[in-house]
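All remarks here apply to the structure that follows.
Every read-out reported here was derived from the displayed coordinates using simple, explicitly stated rules and does not represent laboratory data. Here the structure is a predicted model, which is why all the values come from computation and not from measurement. Counting neighbours? That spans all protein chains shown, and the Cβs are built from the backbone with ideal geometry, glycine included.
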Amino acid sequence: MSGTVHFTAILAGSILICLPAVSQTEEHRSEVSAQLFGAYVHGTTQNGIEQTSSDSGGILATYRFLFTRHQSLEANYAYSRSTTRYGLPLTPSGVTANQHEWTGAYVFRFPTRWISPYLEVGVGGLTFSPTYSNSPGASNQTRAAFVYGAGADLKLTSRVFLRAQYRGFVYSSPDFNVVGNLGNDRVTHLFEPSVGLGFRF
């Protein structure tokens with residue numbers, strides 16, 4: 001019986017201690033945003049073969065859940081289109097593909113009255129779906145990616161905010177399973193600056 005009483009007392013005390021922390025969390029704990037971004041891939045050369053990707057733009061959708069004032073988790077989906085080129089000696093090849101980004105990240109915020117800077121880190125995947133190719137046989141391909149970023153939210157109203165953000169991706173470039181490209185993929189870097197609007201609820 002005494003053990004049950006002690007457990008109940010500890011549980012009640014823990015709840016009472018946590019109440020002030022819960023009461024200090026923000027009223028709106030969920031956010032959605034839509035952003036336009038530019039996509040720029042770092043060109044690389046390996047074994048004398050240059051790999052480049054065209055600059056492009058796209059749209060990014062984000063859902064973020066704030067579980068404390070400073071910490072949150074987010075899920076992202078983004079769409080863009082670009083052309084990846086491998087400078088092969090005899091048959092230069094290029095593959096134009098739709099690019100789908102699926103990522104999740106941990107976000108640490110530094111909230112103030114009007115502006116909330118933040119840092120984020122996460123993982124995800126990039127799916128490349130060819131729409132046009134100079135290389136017959138090009139097929140869909142998904143690459144795992146490490147994601148990092150930083151940004152800031154500017155409060156416009158109690159619910160609406162402007163978001164400016166930078167995200168970077170480290171991943172292995174696609175070869176689209178094209179015979180001539182096999183072995184030419186390499187670790188590369190994608191940069192995505194973006195801006196858009198968000199809503200808290």
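Would you please give the FRET efficiency between L162 and T127, computed as 1/(1 + (r/R0)^6) with r the Cβ-Cβ distance and R0 = 30 Å, to the nearest 0.05? Present the calculation step by step, with values, prior to reporting the outcome.
On the way: r = 29 Å, r/R0 = 0.98.
Working from the Cβ atoms, E equals 0.55.
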>> Only counting other Cβ atoms within 10 Å, I'd like S194, S158, S139 sorted with the fewest neighbours first.
In response: S158, S139, S194
